[in-house]
Amino acid sequence: MSQPLRLGIAGLGTVGIGVVRIIRKHASLLEARTGRPITISAVSARDRNKDRGISLTPYSWEDDPVALAKRADVDVFVELVGGDEGPAKNAVEAALSAGKDVVTANKALLAIHGQALAEAAEAAGRNLRYEAAVAGGIPVIKSLTEGLVGNDVKRVMGVMNGSCNYILTRMEDAGLSYEEVFAEADGLGYLEADPQLDVGGIDAAHKLAILSSLAFGTKVNFDGITLEGIDRVSIDDIRAAADMGYKVKLLGVAQLSARGLEQRMQPCLVPDTSPLGQLEGGTNMVVLEGDSVGQIILRGAGAGEGPTASAVMSDVCDLARGFKGPVFGQPAHALKTSTPARSTVPASYYLRMSLEDKPGALAKVAAVLGEAGVSIDRMRQYGHEEPSAPVLIVTHKTTPVAIQQAMEAMGGTGVLSGDPVALRIEDV
Ligand code: NAP
Ligand code: HSE
């Protein structure tokens, strides 16, 4: 019989237990497909006595993930603890130093320390794989590194945080405020222990940073991302956008130009009839554009036990089959250092403002837009009871700089109550 591939699994939460379940349920299927048994030698978590709904007695126990990572009976260290520092990082480093291959679902670790870990893995001649780190069950890492390997990737885009998409779609469906839906999602356990990772866009930005590196051959650069979360998206914007034929999404976009690497994660409007516009609830969608393939769209569960463990198993099985490859699609030392670039790509913008309902108010706003070189495509003013009038404008395509200039000048008109809102309308 072929030698088994022996795993050490650190982290027995949602994903870790999902991996144990798949290995048990599909032992013969996995062996048939990879040509060797996949076994678990030892596991680690914080609390040995916690009821995890599954017996772990067949496996040795380690309190310390670092000790697990170094065990002689472990070929592959599977890191499912989480966090960009502490036990996860220490154990992954220890595993690579000890000559083990590593599989992780930890996007935070890779977005912050990906380059150093890739260099360490490649110097040690080991593999570091992370299909589950981006968009859960969607095989996007494989799509970029294998399926699209013959393409010059032009743009990567997507909705990669299910919790934010749940909140935005629930706000629209139920007509509830951000605060109400946030509380509801938190109560249902949909949010990370630190919810700011979700609603602040940080989790999605970690994923975008990883995809950018793979797509453009650049060193992973989380700090270069223009980042804005969903916590300032109001139900008024969601309703108004719907009225104009759009949905609000927390959208990540990355593209490389002569000016540098543009990476942004921010609330955007997308046409409600587009695939991204129709994405409901906690589902993820990644859009990849290559020079030969054109556009491909991947859609599926971005989180949860089954989908995420499915992606972890994809990496484990590749290692069982002896597949090797550089961590970010090309050798780490050959990855380019990118210059972060602000977007200059023209787009239409959605503007919402409250105007004093008196003669000449709208003319002043139109003048500010005109002076900034921003042309109005569509405009709506709604009936109202309060003294100020809600006004929506969709602009023709214009540059981000022109919109910023117009927004800054808007306050000087003296006719606005509150701050105006400007959201980019993404061509998808
Ligand atoms: P989780 O349910 O919170 O489980 C974390 C596990 O790590 C727990 O078993 C915990 O032990 C263990 N742990 C925490 N600190 C530890 C320490 N100091 N030493 C040893 N073990 C420790 O997390 P998860 O949702 O499974 O996520 C795991 C990883 O997958 C994270 O990187 C996450 O970002 C990523 N991921 C998760 C999903 C998802 O849907 N959940 C999707 C994609 C990626 P105890 O159980 O004893 O407390
Ligand atoms: N909090 C993440 C999400 C989990 O909502 O998508 C998966 O990374």
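A few remarks follow.
- Residue match in the range 75-97 (condition: surrounded by 22 or more Cβ atoms within 10 Å (Cβ to Cβ), out of contact with any Cys (no Cβ under 6 Å at 6 or more places or on another chain), among the polar types (S, T, N, Q) and in contact (Cβ under 8 Å) with a residue 24 or more places away in the chain): no
A quick yes/no check of all residues on (1) more than 19 Å from E131 (Cα to Cα); (2) touching a residue at least 60 places away in the same chain (Cβ under 8 Å):
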residue: Q196; (1), (2): yes, no
residue: A204; (1), (2): no, yes
residue: K207; (1), (2): no, yes
residue: I235; (1), (2): yes, yes
residue: R239; (1), (2): yes, yes
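- Filter result (in a helix (DSSP H, G or I) and under 15 Å from the mean Cα position of the chain (by Cα)) within the range 145-166: G162, S163, C164, N165, Y166
- Yes/no for A209 being part of a helix (DSSP H, G or I), buried (at least 18 other Cβ atoms within 10 Å of the Cβ) and modelled with pLDDT of 95 or more: yes
- Residue match in the range 168-180 (condition: touching a Leu at 6+ places or on another chain (Cβ under 9 Å), of a type outside the set (V, I, T) and within 15 Å of ligand 2 (Cβ to nearest atom)): yes
A quick yes/no check of all residues on (1) surrounded by fewer than 21 Cβ atoms within 10 Å (Cβ to Cβ); (2) outside any loop (DSSP other than H, G, I, E, B):
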| position | (1), (2) |
| --- | --- |
| L7 | no, yes |
| L12 | no, no |
| V15 | no, yes |
| R24 | yes, yes |
| E31 | yes, yes |
| G53 | yes, no |
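- All of (1) away from ligand 1 (no atom under 14 Å from the Cβ); (2) surrounded by fewer than 24 Cβ atoms within 10 Å (Cβ to Cβ); (3) in a helix (DSSP H, G or I); (4) under 16 Å from the mean Cα position of the chain (by Cα) hold for E172 with one exception: (4).
- Qualifying positions in the range 123-144 - more than 16 Å from ligand 1 (Cβ to nearest atom), farther than 17 Å from A320 by Cβ and part of a loop (DSSP other than H, G, I, E, B): A124, G125
- Pairs meeting the criteria (first residue in the range 161-183 and more than 25 Å from T308 (Cβ to Cβ), second residue acidic (D, E) and within 16 Å of ligand 2 (Cβ to nearest atom), beta carbons under 6 Å, at least 6 apart or on different chains) are lacking.
- Extreme residue, farthest from ligand 2 (Cβ to nearest atom), among residues of the range 266-307 that are polar (S, T, N, Q) and farther than 24 Å from T145 by Cα: T273
- Taking the numbered list (1) in contact (Cβ under 8 Å) with a residue 12 or more places away in the chain; (2) away from ligand 2 (no atom under 16 Å from the Cβ) in turn, A135 passes all entries but (2).
The values are calculated or read from the model by the stated rules, or taken from the named source; none is laboratory data. Remember, predicted model here, so these are calculated numbers, not experimental data. No Cβ is skipped: glycine too gets one built from the backbone with ideal geometry, and neighbour counts run over all protein chains shown.
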